[in-house]
Structures are given as C-alpha cells and as structure tokens.
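For reference, the structure is listed below as structure tokens.
The values are calculated or read from the model by the stated rules, or taken from the named source; none is laboratory data. Just so you know, these numbers come straight off a predicted model, no measurement behind them. Neighbour counts run over all protein chains shown; Cβ positions are idealised from the backbone, glycine included. To get the accessible areas, we keep the full protein, side chains included, count just its heavy atoms, and leave off ligands, DNA and RNA. Shrake-Rupley method; radii C 1.70, N 1.55, O 1.52, S 1.80 Å.
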Amino acid sequence: MTETYDIAVVGGGNAALCAAITAAEAGARVIILEGAPEPYRGGNSRHTRNFRCMHRGPMFPLTGSYEEEEYLHDLMLVTKGKTDEHLARLAIRTSEECLPWMQAHGVRFQPSLSGTLSLSRTNAFFLGGGKALVNAYYNTATDLGIDIRYEAQVRHVHREGQRITHLEVEIAGAPAQTINARAFVLASGGFQADLDWLARAWGPSARNFLIRGTPYNRGVVLKDMLDQGADSVGDPTQCHAVAIDGRAPQYDGGIVTRLDCVPFSVVVNRDGQRFYDEGEDTWPKRYAIWGRLVAAQPDQVGYALIDAKSIDLFMPSVFPPIVADTIPELASKLGLDPAAVKATVAQFNAACRPGTFHPTELDGLATEGLQTPKTNWARPLDTPPFYGYQLRPGVTFTYLGLKVSDRAQVHSPEGPITNLWAAGEIMAGSILGQGYLAGFGMTIGTVFGRIAGKEAAAHVA
C-alpha cells in the first residue's frame, strides 16, 4: 500500500473505534486494522453489556447520582489501591461526558433489567449489547470515510528512535505489506488468547483456563512493543477473570457463559470443600475475583450448589444446570464425592442463622462458627430440587500492558514516543492493578480511545 495515512489504528474494538472516529472528525485520514474477520469484529467489546459512568444526577438510563469520590472508592476496593489514581480519576471524570458522545454516535441504551437492578445507578446498559455498540461505531466510521481492513494481522510496529515509521501487516493471509502513517494508535488488546504466554506467567494450570473473549487477542503487538523497549505496566498474572460455566468453549463464549449464582450458592472445590466467602460483597464488586479463586483450586475447578429458593435470583448461564432431588445425588452427577459434599452442606446449613434476606443488597445474613464464613445471603440449602454448575476460570483480558500518560501517549525509558498512543485493554493495567469493577473496561476504552484519537489528530494537523 503506497498511500500514507494520517493515523493508523491497530485494533477494531471499542477503544480503537473511539480513537478512529475522534481522529476522523478532527479531519484526519484514518485506517483501522482489525485482526478478526468481519463477522467477529469488535474484539471483546462485542461481548460487553454496559458502561460504568459518573453522573451528578439522573441521566437516562442511569438513576440517582454516582459521583467521583464514590466511584473512586469502589475502584479502590476492588483493586486494593493498586491503581494510578491520577489516571483513574481522569477516566472517572471523563466518563460523564462520554455517555452523550456515545449516544451521538449511534449507541442506544436501555434501563437495567431483572438481575441487573443493583447496577441501575452506576452502569448504563447498551440496547442490543456490545454487538450493537460495535455495529453502531462501524457504521459511523464508514460514514466518516475511515478505511477499514479486516483480517489485518499487524506483525511489527517499526520504531526508529522515539517515533514509529510504519507497520508490517498481513491482510487476509496475503504476504506482509507496509502501512505508512504519520501517527499510530495501538488498541489491540491483551495477550489472553495466547495460552503459551498465559502458561509462562501462571504455570501449567493456565492450560485449564477458558478464554471468554476473542481468540484474536494474542498480544503480538504488545510483545513487539515491549521487545522494543516500550515502558510496561501491570503484572502478567493479573487479569479480568470470572467464574464461567465449565461447559463453555475454549474461546469466545462471551457473557452468556458467566455464572452469577455464586452469592446465592454454596461453592465447593473438587474435594467437596468450601474455600471462600460467597457473600463477601455485592456481585458487581466481586464477580471478577472468582476466576482467580477457582484457578487456585485443585484442577482449576469449582462447583456452585443452589436450591429451589434461589434458582430464579440470578441471570442464568446459557447452559441448563444439573438437577437432582438430594445433595448426594447432585454431587454424584457433578462427579464429586457425595459423602464429602453432604457433610459440607450439612455443616453450612447448621451455621446459618435467622434473619431477613435481601437478594439485591448486603443483608448481613451470615453464618456463625465456620472457618470460611458466608457474610451475606447465607440461607440453608434445604429446598429441593437442588441445582449445580461446574465453574472454570474464564479470562477476559490480561493486565500486562503499555504504560501511558494522561494523554494516552506511550513512553520508553528515553521519553515519550512522539507519534504513538494506546487505548483500551493494551493499557488498562495502568489503572487496573488487580481486580475489576463491572463496566469499567468500557470506561477505560472509551475515555482513552477518545483521548488517543484527539492527541493523534492534533499531532498530524
């Protein structure tokens, strides 16, 4: 390709699209290089449901208010303080102006539905989910004249000193070609789909992990930049990992395989033993720790046990639960030792105390006397039929990434790389040191995608 673009955007998900649209609206000639085929465009964004948004008062579809300090407090709780507070506050403050921008670019929202009511004040849900958001942005990109290439695998980002000169790209399996541009935005995600890289970070147990999102995020561009001395941020063993249905596919199962039953369950490992407080906090603040918790168990597997009282209190998996009339029968169907599971459940039931059950808020309904307590929503498993799900770690994205400034600019030990910016999962480790807050990945991608697009366009203006 002989044409020199103003800006080349590597990636095709939310962050990449926000960057490309922002740059094109500023007058830049932009190309998007999406590694996936067109039907699978959008990276992990197509599996998302919502966007966590600061707001000072009701703002459709959000209720009440959700202001900066509360938002930051929630983030600090899940990350245990492992965040860059300056960048975190930037993402939080800027999220408020993002929602109307998203609406102006074709994204439609809906009120929270049953099973997500606890998020009605904090998270704006996409009508049609992430797939509809991605399609809206691609329609906008097409209208703006952005050049879009699918199956575009970027193999090398060519760095000369403190600037990037060109990209080496294979498009639809053709021989590698050069893409020339004056500025570059990297928004190509983490490395979670490269199981060998995961295994080097986590050890052999990582080969039992399932990848919830796109199989195309293999960290090729991230590794290339790290090998060339770009500043890194984040721990390769930290990631957004949730408990998903053990019957999910190796890749791309998406949100429909997530299991949200944990707060209303007794969760045991392969040996029939409980290993963590299922009721520690509301699910949007705790669902993203359960992938790591399950990963630490023998064979990287867990089992959620539920009774008839709770089966309708959560969003179900796409797969039906295993059903039985007794706890030993359920254990047997799940491949567990019936006697061990029966003893664990009996001990749990005996530790439950009377109280008022509130499924959508912390109710203090706790066990007493257990080494591993359950501090909320602790009700005996005593009402048949009984239901069970196998849990596996489901990795969404990894936190090892490129360190960026508050202008989304990529740096090296020698200083800023003058014409290179990054957005989305490839730099999310700058803010997410560990843990996760529901909808915050889309916040990071939208905020820093727009910043990267604006800064890149200003650079070439």
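Every residue in segment 161-190 that is among the charged types (D, E, K, R) and under 28 Å from residue 398 (Cα atoms), please. If the condition is that a residue be among the charged types (D, E, K, R) and under 28 Å from residue 398 (Cα atoms), then 163, 168, 170 are the ones that fit.
If you go through segment 253-283 and keep only what is touching a Leu at 6+ places or on another chain (Cβ under 6 Å) and surrounded by fewer than 22 Cβ atoms within 10 Å (Cβ to Cβ), you end up with 272, 276.
Filtering segment 198-239 to residues that are open to solvent by 10 Å² or more (accessible area, probe 1.4 Å) and part of a strand (DSSP E or B) leaves 210, 232, 233.
Quick check, is residue 242 under 30 Å from residue 360 (Cβ atoms), of a type in the set (Val, Ile, Thr), assigned to a loop (DSSP other than H, G, I, E, B) and at pLDDT below 95? So residue 242 fails the test.
Looking at segment 407-421, is at least one residue touching a helix residue (DSSP H, G or I) at 6+ places or on another chain (Cβ under 8 Å), open to solvent by 50 Å² or more (accessible area, probe 1.4 Å) and outside the structural domain of residue 319 (by the TED database)? So far as segment 407-421 goes, yes, one or more of its residues are touching a helix residue (DSSP H, G or I) at 6+ places or on another chain (Cβ under 8 Å), open to solvent by 50 Å² or more (accessible area, probe 1.4 Å) and outside the structural domain of residue 319 (by the TED database).
Conditions (1) under 24 Å from residue 396 (Cα atoms); (2) modelled with pLDDT of 95 or more; (3) assigned to a helix (DSSP H, G or I); (4) not assigned by the TED database to the domain that holds residue 404, marked per residue:
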residue	(1), (2), (3), (4)
39	yes, yes, yes, no
91	yes, yes, yes, no
97	no, yes, yes, no
103	no, yes, yes, no
118	yes, no, yes, no
130	yes, yes, yes, no
138	yes, yes, yes, no
145	no, yes, no, no
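Residue-by-condition table, conditions (1) closer than 14 Å to residue 440 by Cβ; (2) open to solvent by 10 Å² or more (accessible area, probe 1.4 Å):
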{"residue": "58", "(1), (2)": "no, yes"}
{"residue": "63", "(1), (2)": "no, yes"}
{"residue": "67", "(1), (2)": "no, yes"}
{"residue": "73", "(1), (2)": "yes, yes"}
{"residue": "79", "(1), (2)": "yes, no"}
{"residue": "83", "(1), (2)": "yes, yes"}
{"residue": "88", "(1), (2)": "yes, no"}
{"residue": "91", "(1), (2)": "yes, no"}
{"residue": "95", "(1), (2)": "yes, no"}
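For residue 212, the stated conditions do not hold, so it cannot be described as in contact with a Leu (Cβ under 7 Å, 6 or more places away or on another chain), over 24 Å from residue 405 (Cα atoms), in the same structural domain as residue 162 (by the TED database) and not aliphatic (A, V, I, L, M).
Go over the candidates 341, 294 one by one and state the one that is hydrophobic (A, V, I, L, M, F, W, C), touching a residue at least 24 places away in the same chain (Cβ under 8 Å) and more than 17 Å from residue 263 (Cα to Cα). If you could, list the steps in order and put the result at the bottom.
Working: 294 fails: more than 17 Å from residue 263 (Cα to Cα).
Answer to the check: 341.
Residues of segment 329-354 that are surrounded by 14 or more Cβ atoms within 10 Å (Cβ to Cβ) and not in a helix (DSSP H, G or I): 334, 336, 337, 352. Of everything listed in (1) surrounded by fewer than 18 Cβ atoms within 10 Å (Cβ to Cβ); (2) within 17 Å of the chain's Cα centre (by Cα); (3) within 19 Å of residue 112 (Cα to Cα); (4) not aliphatic (A, V, I, L, M), the single unmet condition for residue 250 is (3).
Name the residue, out of 51, 109, that is under 18 Å from residue 451 (Cα atoms) and at pLDDT 95 or above.
Working: 109 fails: under 18 Å from residue 451 (Cα atoms).
Of 51, 109, the one residue that is under 18 Å from residue 451 (Cα atoms) and at pLDDT 95 or above is 51.
Of all the criteria given as (1) touching a helix residue (DSSP H, G or I) at 6+ places or on another chain (Cβ under 9 Å); (2) modelled with pLDDT of 95 or more, the one not satisfied by residue 264 is (1).
Residues checked against (1) β-branched (Val, Ile, Thr); (2) in contact with a helix residue (DSSP H, G or I) (Cβ under 6 Å, 6 or more places away or on another chain):
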site: 255; (1), (2): yes, yes
site: 280; (1), (2): no, yes
site: 286; (1), (2): no, no
site: 300; (1), (2): no, yes
site: 327; (1), (2): yes, yes
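Residue-level check: of (1) over 30 Å from residue 275 (Cβ atoms); (2) modelled with pLDDT of 95 or more, residue 371 misses just (1).
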